[in-house]
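What follows draws every value from the coordinates through simple rules; no lab data is involved. Note that the structure is a prediction, hence the values are computed from the model and not measured. For neighbour counting, all protein chains shown are included, and Cβ atoms are generated from backbone atoms with ideal geometry for every residue, glycine included.
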Amino acid sequence: MRSLVPVLLLLCLSNAGCRRQSKHVVQRVETIGATVEDNGLLGMTPAQVNEWLCRKLTESGYFQLVEKKSSGAAADLSLQLELAFTRESHKDGREGNFAEVGVMMGIRRKESEGFASYEVAGVGEVKVSSDEPQKRREATRQALGKALDQVSSAAHLQLAALDKSDSALVKDLGDQDARVREFAIRTLSARRNPAVEQALLEKLKGSDPEGVRRAIGGLVELKRPSSVPPLIELARGKDSGFLREIVFALGTIGGEEAEAYLYTVAQGHDQPAVRAAAQQALDELRGRTRRATDPRSDSSGLRPPGGNPQ
């Protein structure tokens with residue numbers, strides 16, 4: 001059961017509170033999810049976690065939390081926190097146990113064409129000093145504090161990137177801060193700016209599976225045939241699940257090279273699930289190509305009655 005804890009904080013309009021015009025004005029903050037409820041390892045209520053998050057956001061200097069005056073209207077900018085996990089684990093090559101807390105924050109923002117949603121994450125880790133319940137709880141809470149710091153910073157960077165011009169984001173691709181580069185890549189990909197292609201191709205070489213998946217998604221947004229050969233190379237030796245993701249990405253990007261690869265996989269891969277995925281992607285690709293080149297085809301790809309099939 002979801003526990004929604006909205007926090008509405010009206011800041012005084014003092015000189016100190018208004019001197020930074022670049023603050024993100026947030027009208028709703030809430031903490032949800034079963035992980036925070038009845039969590040003996042953490043020992044905090046959703047309301048307490050939410051209050052802590054609000055303090056972290058305010059203390060960061062990047063956010064201004066204000067009350068939404070009009071009842072029933074959606075907040076222009078809202079943040080929703082969910083604890084992905086709280087756990088204790090042993091790290092290879094490191095002594096002792098470590099408390100880990102992972103959090104996800106959803107960002108919902110009003111934009112020119114309606115509301116858009118984004119997501120950022122944070123992970124905190126603290127060594128547990130002893131097996132005493134109080135010490136374990138203290139370590140878990142410290143890990144949560146670190147995760148909240150991370151997710152607050154990430155939310156700011158995501159929002160700041162959304163407000164930047166393409167030229168500023170292209171400049172950010174060379175920033176020393178990896179987080180700034182990451183959000184520049186995400187935003188340019190969403191805007192389908194071809195300047196981000198090389199950065200996405202570099203990310204395909206990374207060791208983080210989720211980072212590689214985001215890079216694949218960015219390349220799909222761009223739909224540039226030049227990304228097809230690197231994606232085909234990436235597919236070598238991958239497990240069937242990951243390979244199916246690449247297959248559908250290639251089908252969406254399209255082009256002759258992608259079509260030839262999909263045909264080969266559909267005809268000759270040793271796993272039926274992969275063959276089926278490749279055939280589906282191939283059929284969808286050919287259907288889009290047919291509709292784009294044959295004005296007599298309707299939205300389903302079929303010729304109207306009276307057509308002259310080949």
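Structure values in brief
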quantity: Theoretical FRET efficiency, 1/(1+(r/R0)^6), r = Cβ-Cβ of ALA84 and ASP294, R0 41 Å, to 0.05; calculated: 0.30
quantity: Calculated FRET efficiency for the pair ASP38/LYS135, C-beta based, R₀ 25 Å, to 0.05; calculated: 0.75
quantity: Over region 79-149: Rg over Rh, Cα atoms, Kirkwood Rh; calculated: 1.18
quantity: Angle in degrees between helix 272-293 and the longest Cα principal axis of the chain, rounded to the nearest 10; calculated: 70 degrees
quantity: Relative packing of peptides 202-208, 259-265, 192-198 - highest average C-beta neighbours within 10 Å first; calculated: 259-265, 192-198, 202-208
quantity: Part-to-part distance (alpha-carbon centres) for region 200-217 and region 239-271, which is given in Å; calculated: 18 Å
quantity: More than 27 Å apart - percent of Cα-Cα pairs taken over the chain; calculated: 58 percent
quantity: Cross-link partners of LYS146 among aspartates and glutamates (Cα-Cα below 19 Å; sequence separation of 8 or more within a chain); calculated: GLU30, GLU51, GLU59, GLU82, GLU88, GLU100, GLU119, GLU125, GLU138, ASP177
quantity: Radius 12 Å from Cβ of VAL151, net charge of other residues (Lys, Arg +1; Asp, Glu -1); calculated: 0
quantity: GNM flexibility winner over the chain from THR58, THR293, THR252 (Cα, springs under 10 Å); calculated: THR293
quantity: Calculated [θ] (222 nm, deg cm²/dmol) that DSSP helices of n ≥ 4 give over the chain, each run adding -39,500 (n - 2.57); calculated: -15000 deg cm²/dmol
quantity: Label-to-label distance, nm, for residues given as ASN193 and SER167 (7 Å Cα→Cβ offset); calculated: 1.1 nm
quantity: Paramagnetic reach from ASP270 (point 7 Å along Cα→Cβ, amide N under 14 Å) across region 244-258; calculated: none
quantity: Computed label-point distance, nm, for sites GLU257 and MET104 using a 7 Å Cα→Cβ extension; calculated: 3.4 nm
quantity: Amide H contacts under 5 Å for LEU65, placed H, 5+ residues apart; calculated: VAL26
quantity: When region 186-293 is reduced to its Cα atoms, the Kirkwood hydrodynamic radius in Å; calculated: 13.9 Å
quantity: Cβ-derived FRET efficiency at R0 45 Å, SER112 paired with SER153, nearest 0.05; calculated: 0.95
quantity: Reachable lysines from LYS110, criterion Cα separation under 20 angstrom, eight or more residues apart if same chain; calculated: LYS23, LYS68, LYS69, LYS164
quantity: Distance (nanometres) between label positions extended 7 Å along Cα→Cβ at ASP177 and ASP283; calculated: 4.8 nm
quantity: Formal net charge of residues neighbouring GLY206 (Cβ-Cβ distance under 15 Å; K, R +1; D, E -1); calculated: +3
